[in-house]
Every structure is written in C-alpha cells, then in structure tokens.
Amino acid sequence: MDAREADPAAPRHRDRAAGPDETTGTATTSITATRTPPSAPPRAAGATRRDIQVLRAVAVAAVVVFHLWPAALPGGYVGVDVFFVVSGFLITSHLLRTPPTSLRALAAFWARRVRRLLPAASTVLVVTTLAAIALLPAGMLARTGREVLASTLLVENWSLANQATDYLAADASPTPVQHFWSLGVEEQFYLAWPLLLAATLLAVRLVGPARRHPRRAVGLVVGVSLLASLAWSVHLTFADPARAYFVTPTRVWELALGAVLAAVGARTVGWARGRSVVGWLGLAAIAAAAVTFDSGTPFPGAAALLPTLGAAAVVWSATDDTPGGPGRLLARRPVVWVGDVSYGIYLWHWPLLVLAPFALGAVLGTPARLALVASTLLLAAATTRWIEDPLRDSVQLRRSSPRTFALGGATAVVCVALAFTATGIGTARASDERRDLAVAVAGDLPCFGAAATRDPSCGDPAGEAVIGGASAAAEDRPAVYADGCWNNAPFTGRRTCTYGAATDPARQVVLLGNSHAGQWQPALVGQVDDEDWSLTTYLTSECYPVDLPIDVTVPANSARCADWTRWAVDAAIAQDPDLVVLAARTFRPLLDVPADEQRRTAQAAYARTIARFTDAGIPVLVMRDTPAAAEPVPDCIARERGGWRSCGQPQDTAVEPDPLADAATADTSGLVSVLDVTDVLCWDGVCHDVVGGAITYFDHGHMTSTFAQTLRPEVEAAVSARIRN
C-alpha cells in the first residue's frame, strides 16, 4: 500500500500488512517472564487476546479512513506500523514456543505462513487483475501487471521504492495492488527472521554459559537488529525519504519492536491499574500520530516511534483482564470482528478504491465511498469465512508441508500468468493508441492541438474527439527526459544535451530550468533543426534557477540544488548563447522565508538571475508556467471516457503564481520577453485537458511531446523576436 500517495508522494504522498499470526492473537503467543501468582488464574491456552484484536481494528480503520478521507485523518498511514509491531510480536512468540532448530521446523513455520497469508492474498490478486483488464487504461494496466508480478514474488515494496525515486514517475496514479508493499515487507521478514533466531539458538547451544539464558541471547540479537534498523531508518528518511518509506531495512525495527516484547515477556497479570494506564496511553499515542502526522512528516524514521511505541504499550499491557482497560472496555463484538477480518479489509479496500472510479466513470463522492466501505466489509467477511479459514485449518494441508507448498506454488503460477497477461494486453493496447496518434499527427490535421485555438473555423477548441488515447498520452514525454539530459536528486550530476547543429551552429539557444523547462524542448527543437541552430539544455528536477536555498525534500540537497543552479547559470553565460530560454515551476518554498514573503522574495531572486544574463548581453525568453491539473490528465480522460470534456479545472485555480514571469515582466533591460500560452489551454474560465483533440499533459502538469509541438508557431515567433541578431 502507498500509504502516503498518493501516497503518494508524495510526496510525495505515501496496513494489515501481512496479516496477524495464524493464532489470531491468542494468549499462547505471549511469552511472559513474570510468574502467575496463585490468586490469578492462568489464561487459557488459545484464549484470544481481545486487546490485540482491538489494536488491529484501530489500525485497519486508520488506514481505510486515511485512504478514503485523507483530510479527516492525514496520518492514518501509521496503521501499517501498528500492524508491523503486532506481527513481530506474534511471529516471534510463535518461534520461541516452537524454535526453528531444524529444517523440518523451518518448513513447518513457512508452511503455516503460506496457509495463513496466501489464500486471501492470491484471491485478491486474481480478482483485481481480472477487473483491471476490464477497466483500466492501457498504460495503467501494464503497470498493474508488473506490480502483480512483484507482489506475487514478494518484492512490491522494492518495486515501489524504485518508482518513488523517479521524479517523473512519482506522480503516476497508484495501481490497485500497490498496497501489497507492506505484505512484501512482512513476508521478507518471515523468510529471514526464523533463520536469524535459529542461528541464535544454535549459537546458544554451543556456548556453555549462555545455555541457561537462551531468551536473553534472543533478546540481545533482536535488540541489536532493532537498533541497527532504526538507525538506518532515521538516516535514510533524512537522505532519501521516498525510498526509505518502502524498503525493508527501514521497517525491520518496527517488527523487531514487537519481537522484543515476545523475547522479554508481555505483561499478562498483576499491576492492573498501571497496565490500564499504559494501554490507554498507547492508544493515545497511535491516535496522536494519526491525527497530527501528514504527508509532510519525515517517515518512517524517528517519527514512527510514536505509533509503534504506542502499539507496543498496548501489547505489553495486556489489559483483557483489567477493569477499565482498553482490552476490556473496547473489545465489543463489532470491534473484535473488525480485528478478526482486518486482513481481508486491508486486502480489499484499496483495489475497490482504485478500480471503482473507472467502473463508475466518475470521481467517488461520499455515498460511493460509504458503499465502498460496506463492500469491503462484505468481501473481507466472505474471504475470511470461505477462503482464509478453511485453507488455514485444513487437516490435509496442516499434515503436509509439501502439499501446502504445492498449493502455494500453484497459486503463484496463476498470479504470474495473469500478471504477464495483463502486462501484455496493456502494452498491446498502448501500442495501438500510439499508432493511432502517430497516424493523426502525420496526417497534419488542420485543427489538431493548439491549432484549434488559432482558427475560429475549427469550432470547439477542445475538438470533436480525443485523438490517440490516454495511455499514449501518458507515455508521450519529450525526448529530453529520456536522453540522459536530466539532473535529478541529489543534484550532483552536471548533464547537458545539445540538439541541432553539432558544429558551427548559426545560432546557439540555451534551455535552462526544471522539468517545466524540459517540456518546451519539442516546441523548440523543430526551429533549431530548420535554422541550423543548436539547443543546449541545463535541466534538473525540483530546483529552480534562483540564488537562494530551496526547501527540497531532503535537507542536505538544498545546498546541492544551489550548487547546481550556480553551475548551470555560470556554464550558460560562459557559452555566450544567442538566447537563453528560462522556465520553471516555483513550487517548493525558499528556506527560512516567511510564507507571506515567498512570492516577493522569489521574484527578486529570479530578477537577479535574469540580470546575470542581460548584464552579459544575452537575451532572455521566459516561458510563463503552464496551468496545473488537479490530477494526472490521462487518468481523468480514461476514467471519464465519453465525458472527457468534464476534465479540467477552474482557471483561477489552475493558473498558479509565477514569480519568474513576474520578474521578466518587470525587467527594464529591453532584452527580456515573456511567452504566455495560458489562453491556448484555458478559455471560458476553465483550463482544459484536451485541446484540438490532443491531450495536453502526460501527468498533472507536464505537456505531452505531441501537444508541445503544436505550440511551435507561438514558440517560434517568440524566439525569433527575442534572439540576438
């Protein structure tokens, strides 16, 4: 699950991760170091820990509310972390009860995990993939197929980590199986953790003095693992937060925290009033994180200590037998039932949320979201009753680990086959859309793209129909993004590209800025080729060309961003071009500048950058930033189908302030011009996602290569008017 997306995020943006132990939170999983006093009857073996079921219910409710109504619970993603603690506690308790000291014991443990997790997860993967083939646009379907494969192979979290560090892919709409990232974390933990404990117990047997205290040795190993993982989590959350959110090493400490409770002993008797207070404080910590955290909270890192320590406090306090404790007061039948089916709730809610808008052809309103909750509960209950429980408790499977693994292998083969099928179908459909677009463009349609806004005889500027399709648009990116010209975080690269004349160009043009400068390359390169000019790019992500530090995602990158800008401006001036084209989206705040001073300060900084070029006698053409879309444009087009004309948003919202254009307008050197194509994209008070049948953006705000090329007349006129004679 991209618990912060959009998780987003995200960011960007951003669960019942791998389900509870097959014991469903029973007291037998609690290994206590405290002797039970004679006056306190021992908890019956197999008795359900109602407080753990409450914890599960709270965690899955937080995740679901966060996904359906993120503004209501901006930190609800911490429910994932609560589940990690619970799973670490239950699994380690089981391993300590039944030490994995032989291959047979290890096989039995993994077979139990297969029976517990695989049936429900495979069911959701199969149903979701089939629904995706029927409902999703081609590009998103192909991505879904690839992520179904990653989920089946238990590596979805690593797949998302790689996507999250791709600046231009970070805003891609989440697939309906993205939530399987947390199952990947837990399942990787389940593969490695018993091996670590087995090695520890074997070492204990070989070391004489340690034989009398095996639990201490386990506790030491678990504690070291916890501290090492936590330290890495804090470091990577600071250095590379997008990756840190998903990768396993930054999350192991949360499972290890639960494991520590299993190793040292959870409290089950005595000190009733104190345990009750600890339990309530634990729930309060989880609630505080869910309410106060948001997509801007550095996570997991040190921030994750609040919800995870809260979960650990609830588990440790074991308040089922405590009057006034959360285990007794909150463990009402509906709450416990939600905890019982929380795995199914987590598995089903996300695919329904992603797929429903495509099935309905509209964004989900409150009634639809409430219906989605009801559908999730019904599917979770059905999956638990008729799939999860029967296979988990099957006598034939429990008696035979090979039979269990055969079942797991068979379901994996089905999921892999469906993953390749979905990927193939999505790829083929996208190829057809690209071909249709290429044919339309080659046909030189008179009212295609921006041309529809120039000629009144074209009629509706939006066009009669979408040409090419949403998936073709999602992949229709300017070549500059893929040509090795990009300088992404951590902004240590110094990459440039030159288009047009390789030697002795008649004129030299420089394109400088962030990704909103890169989108103009297709509109510029045609004139450059025709006139025997050259176009050199100085492009980066996030940063924009000012001489002040910018608050980018990673604090350490602010200085690197400033260094990159200095280098780019210096290098461009040294090149002494005949024209510098500047464009940027000013979307990240300047460091240590009050909010009400941001725009004015940025405009002054941009003015200084422009002055560096004009002082050197270099003309400057500023491209006013294009309007922002409310969501990835291809997704809206695909979802709305025949209602694509409703895609777009009010102009006063879409057109954001642009201090770079403001600085250029205020310049008095006589060497600066501004090109503003807002009137091509916006009319009648609305900024449109389709102009002349062409989809304008490949995401939320970067022009498709095709649409940018249709702006060539506007760009060519502005360049010709400003370039040095």
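Couple of notes before you dig in:
- Using a simple spin-label model with pseudo-atoms 7 Å out from Cα toward Cβ, residue 108 and residue 721 lie 8.2 nm apart.
- Stretching the chain fully between residue 271 and residue 371 yields a gain of 31.6 nm (0.36 nm per residue, less the alpha carbon separation).
- Cβ-based charge dipole, the chain, positive-most Cα from 87, 709, 672: 87
- Computed extension gain for residue 684 through residue 465, at 0.36 nm per residue and net of the alpha carbon distance, reaches 76.9 nm.
- Antiparallel bridges, percent of DSSP beta bridges restricted to the chain (to nearest 5): 40
- Spacing of the two label points (7 Å from each Cα toward its C-beta) at residue 337 and residue 563, in nm: 6.0
- Among the chymotrypsin sites (Phe, Trp or Tyr not before Pro) in segment 503-593, those located in a DSSP loop and surrounded by at most 16 other Cβ atoms within 10 Å of their own Cβ are 587.
- Nonlocal amide H pairs with residue 510, under 5 Å, H built at 1.01 Å: 536, 579, 580, 581
- For a 4.7 Å threshold on C-beta separation, the list of partnerless cysteines in the chain reads 415.
- Point-charge dipole on Cβ atoms (K/R +1, D/E -1) for segment 318-467, about Cα centre, debye to 20: 760
- The separation of segment 362-437 from segment 216-242, counted between C-alpha centres, amounts to 33 Å.
- For residue 697, distant residues with modelled amide H under 5 Å away: 704
- Distance between the pseudo-spin-label points of residue 386 and residue 97 (7 Å out from Cα toward the beta carbon): 3.1 nm.
- In segment 469-538, the trypsin sites (Lys or Arg not before Pro) that fall in loop regions by DSSP, at most 15 other Cβ within 10 Å: 494, 495
- Across segment 181-302, the mean sequence separation of Cα contacts (distance under 8 Å, 6 or more residues apart), normalised by length, yields a relative contact order of 30 percent.
- Measuring r between the beta carbons of residue 206 and residue 302 and using R0 = 25 Å, the FRET efficiency lands at 0.10.
- Calculated FRET efficiency for the pair residue 414/residue 215, C-beta based, R₀ 30 Å, to 0.05: 0.10
- Solvent-accessible area per residue for the chain (1.4 angstrom probe, square angstrom): 39
- Portion, in percent, of the accessible area of the chain that falls on carbon or sulfur, probe 1.4 Å: 61
- Projecting the Cα positions of 98, 501, 382 onto the charge dipole of the chain (unit charges on Cβ atoms of Lys, Arg, Asp and Glu, taken about the Cα centre) puts 98 furthest along the positive direction.
- A dipole drawn for the chain from +1 and -1 charges on Cβ atoms has a positive end, and of 188, 274, 75 the residue lying farthest that way is 274.
- For segment 220-270: relative contact order, % (alpha-carbon pairs under 8 angstrom, 6 or more apart): 42
- For segment 555-705, share of DSSP beta bridges that run antiparallel, in % to the nearest 5: 55
- Dipole magnitude (debye, nearest 20) for the chain, charges at Cβ of Lys, Arg, Asp, Glu: 5300
- Rounded FRET efficiency, nearest 0.05, which uses the C-beta distance separating residue 646 from residue 532 and R0 of 41 Å: 0.35
- Of the residues 658, 483, 240, 530, the one with the largest accessible area comes first in the ranking 530, 483, 240, 658, computed with a 1.4 Å probe on protein heavy atoms.
The values are calculated or read from the model by the stated rules, or taken from the named source; none is laboratory data. Since the model is a prediction, treat every value here as computed from it, not as a measurement. Note: ideal-geometry Cβ built from the backbone for every residue, glycine included; neighbour counts use all protein chains shown. Just so you know, the surface numbers come from the protein's heavy atoms only, side chains and all, with ligands and any DNA or RNA stripped out. Shrake-Rupley method; radii C 1.70, N 1.55, O 1.52, S 1.80 Å.
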